[in-house]
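Notes to accompany the following structure.
The values are calculated or read from the model by the stated rules, or taken from the named source; none is laboratory data. Predicted model, so just to flag it, every value in this text is computed and none were measured. So basically every Cβ, Gly included, is an ideal-geometry build from the backbone, and we count neighbours across all protein chains shown. Each accessible area value is taken on the protein alone, full model and side chains, heavy atoms only, with ligands, DNA and RNA left out. Shrake-Rupley method; radii C 1.70, N 1.55, O 1.52, S 1.80 Å.
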Amino acid sequence: MASSGAGVRTGRGHDTFQGKGHHADADCDTPPNRTQGTFGCGAVITDAAGSVVAEGRNRVFGEPSGEYLLEGTRLAHAEMNALARVPAGVALDDCTLWSSLEPCLVCLSSALLSNVGEIRFLAPDPLWDGVERLPSLNAFVERRWPFHHEPHDSEWAVLGRALALHMHASGER
């Protein structure tokens, strides 16, 4: 793994993303996401052995179903919904947060405060270019910064980035 400065460790995680068989993007294109105007994004938290600890999907818009604690709020990002399903007493320092899209600052901060050990994502979100420099803010952030992998490098990552750019440029949710 290469270091990109200030304690941030980065590395190509694409082989592990595919090899683990976790499909953080499994719910991305489901009818509830498309018909309710929600940006399709899924997240999975796995333990060190690769077992699923929690799952989440973006539920910002649409009618609350009771499935997720945060659904119907501006905080109902896939990563936040997955993290909200983990009881406070469960240690996440050996866990990996998998996401179909690069986590935003709110999700990254929540992962940091939850002591998540690693973050892996399929596609970069252009809104968060440069986020890897955050650990240089102070010692606390640097010490607790999760292992933040570079995006997956496949045709799916290219499609994910293109969709994110389209959503941001068009003003869609």
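What the table shows:
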quantity	calculated
Approximate spin-label separation Asp93-Thr73, in nm, with each point projected 7 Å along Cα-to-Cβ	2.8 nm
Whole-percent carbon and sulfur share, accessible surface of the stretch 54-116, 1.4 Å	54 percent
Pair Asp47, Leu127: separation of 7 Å Cα→Cβ label points (nm)	3.4 nm
For the stretch 41-130: rounded, prolate or oblate by the Cα gyration tensor [a/c cutoff 1.5]	oblate
